[in-house]
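The structure under discussion appears below in the form of structure tokens.
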Amino acid sequence: MRRFALSIILPFVVLCFSKSNAQDIPGYNISNYAGVSGIDLQPASIADMRYKLDITIAGAGFDFNNNYIAAYSRYIMDKSIFQAYNGNFNSHFLSENTSSENKEVGLNTYVQLPSFALSISRDISVAFTCRLRSFMNIDNLSPELAHLMYTGLSTTDPANLRYFNTTLKDNTFNFNQMSWWEYGIDYAQVISSRKHHFFKMGIRAKLEAGLEAAFLKAKSLTYNWKNNDTLSLTNSYFLQGHTQNLVNDLNGNFNAAKALGDVSATSVAMDIGFVYEWRPDYYDYGFHGRGKFNNDKRDETKYKLRLGASVLDVGFISFQKGDNAYNFNANKTNWDVNALRFGPNKLYSLDTIIANNLGHSDSRSYFHMYFPTTFSLQADYHISDDLYVNLTTYTVPQFINVTSQVRTLSYYTVTPRWDYKWVGVFLPVGINGYGQPTIGMTVRLGPLIVGTGNGLNLLFLNQIYGLNAYAALKIPILYQGKRKSKKDVCPTSGF
């Protein structure tokens, strides 16, 4: 096996894609009719919501992104070009970003299981959520190592010829992956409602049950490829860990029930959010009778401006390390990587190679995998009738002192929308954490929601670096408007 650089990371990546199961995607989650779906962005959103009861029967989504390899959208969309393809796939359909910035790739997916939000009273709502989530990310991969991996150490590639017999370093790259069950209880309440000013908050406590996880982090890596068969490693040190079930079940016999009991401790995570609404016309949305004002038009949106802030996915899961998941160091000169042999279970083979050829030690029998902690700000402006425009920031920091953490990509999005009771159209336009533009569209038709945060890039951009999509099927039970009684009075003065 002559591609040792691939052998370090590729086994982990393969296992992630083989059984990965997206964090929320811009668009529908900021709707006044998002219901239980809005909790993933803003836990306070269900207080004073438009629904008596909102049930998600099922949903799913994925989000893939990277800053290294782009696909030519015109070739993907043009069927005749795609059918006429004959030759090297990479040169025809893919473009390599050769800039000096470090390379990254991420995939996160989810399956939404039955969940609901229930309005208990005018001021209080509760919700139960259930999701199966999976995240994978490779961060801070040097351009040189990324290119060597992408080309498979080809001896005809001009860049590789420059890299051979050259000492290279990569002291920053890391790989993280985790799949887990998540069960959440959300409580949201109005905390103040005084004339023009309305405040609410929400908190979701989440029970997290890990299914499997893996990480690899280069503390130091100095390497030199003499050619595509011979590798030297100098003063190189890696932190790594993975759950034993990835070794046992990598061939397709993944046992979720077994994983729950054998690989992780159940943990608790948290989301919290706050919302302020400015309601200059609050008096128009109440009922006036017998000299009293009742702000109880539950079926109507009352604000002109809504501002929100939330912190999401705070916490971690502790996993038991696999039997041979060692940290390892390497000082090898002129290592003939052709002598390495990988069986069908690549991760088991990698463990064996480390144990037999490299120095290894590890005093811990467990590792923590941190959740993709996110900070979000939201601003929503009610233009008129059912027309709105929204600005949402979704910032996902990479914590330097954390050894293993799954994370998703930051984004900053402006979303104009038409948001009626049973129909909605959302057009998110923005920029992601890589500085790449994103153009998407979501449609809500009664109980069905289908959308993408960047799928329209295929139509408007020459190159695309990522794609996401999601869908949900719901049972929404809306509040209905109340009629004013004959005793109601419409005063001309303020309250």
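Quick notes on this one:
- Flag for Leu216 being open to solvent by less than 10 Å² (accessible area, probe 1.4 Å) and over 31 Å from the mean Cα position of the chain (by Cα): no
- Selection within segment 153-184 - among the small types (Gly, Ala, Ser) and open to solvent by 10 Å² or more (accessible area, probe 1.4 Å): Ser154, Ala159
- Within segment 416-454, being touching a Gly at 6+ places or on another chain (Cβ under 6 Å) and either part of a strand (DSSP E or B) or surrounded by 16 or more Cβ atoms within 10 Å (Cβ to Cβ) (or both) holds for Phe426, Pro428, Thr438, Gly440, Thr442, Arg444, Gly451, Thr452, Gly453, Asn454.
- Test result for Ala205, modelled with pLDDT under 90, of a type outside the set (Phe, Trp, Tyr) and open to solvent by 20 Å² or more (accessible area, probe 1.4 Å): no
- Test: residue in segment 128-145 that is more than 15 Å from Asn66 (Cβ to Cβ) and in contact with a His (Cβ under 6 Å, 6 or more places away or on another chain): no
- Annotation: of all residues in segment 370-403 being assigned to a loop (DSSP other than H, G, I, E, B) and aromatic (Phe, Trp, Tyr), the one that is modelled with the highest pLDDT is Phe371.
- Some residue of segment 167-186 being of a type outside the set (A, V, I, L, M, F, W, C), farther than 27 Å from Ser264 by Cβ and touching a helix residue (DSSP H, G or I) at 6+ places or on another chain (Cβ under 7 Å): yes
- Residue match in segment 117-140 (condition: of a type in the set (A, V, I, L, M), closer than 30 Å to Asn338 by Cα and either at pLDDT 95 or above or open to solvent by less than 20 Å² (accessible area, probe 1.4 Å) (or both)): yes
- Restricting attention to segment 360-402 and to residues that are within 27 Å of Leu233 (Cα to Cα) and surrounded by 13 or more Cβ atoms within 10 Å (Cβ to Cβ), the residue that is farthest from the chain's Cα centre (by Cα) turns out to be His360.
- Flag for Ser95 being more than 18 Å from the chain's Cα centre (by Cα), modelled with pLDDT of 95 or more and not in a loop (DSSP other than H, G, I, E, B): no
- Matching residues in segment 35-72 - criterion: being hydrophobic (A, V, I, L, M, F, W, C) and closer than 20 Å to Phe375 by Cα: Val36, Ile39, Leu41, Ala44, Ile46
- Residues satisfying the stated conditions in segment 46-68, i.e. of a type in the set (Lys, Arg) and over 12 Å from Ala34 (Cβ atoms): Lys52
- Any hit, segment 103-113, residues being open to solvent by 30 Å² or more (accessible area, probe 1.4 Å) and in contact with a Phe, Trp or Tyr (Cβ under 6 Å, 6 or more places away or on another chain): no
- Considering residues of segment 261-317 that are of a type in the set (D, E, K, R), within 37 Å of the chain's Cα centre (by Cα) and more than 21 Å from Ile191 (Cα to Cα) only, the residue modelled with the highest pLDDT: Asp313
- Count of segment 244-260 residues which are in a loop (DSSP other than H, G, I, E, B) and either open to solvent by 50 Å² or more (accessible area, probe 1.4 Å) or modelled with pLDDT of 90 or more (or both): 5
- Number of residues in segment 338-359 that are surrounded by 15 or more Cβ atoms within 10 Å (Cβ to Cβ) and at pLDDT below 80: the value is 12.
- When residues in segment 154-208 are screened for being assigned to a strand (DSSP E or B), among the charged types (D, E, K, R) and in contact with a strand residue (DSSP E or B) (Cβ under 8 Å, 6 or more places away or on another chain), 7 of them pass.
The values are calculated or read from the model by the stated rules, or taken from the named source; none is laboratory data. Owing to the predicted nature of the structure, the values given are computational and were not obtained by experimental measurement. With ideal geometry, Cβ positions are generated from the backbone for all residues, glycine too; neighbour counts draw on all protein chains shown. Surface accessibility is based on the protein's heavy atoms, side chains included, excluding ligands, DNA and RNA. Shrake-Rupley method; radii C 1.70, N 1.55, O 1.52, S 1.80 Å.
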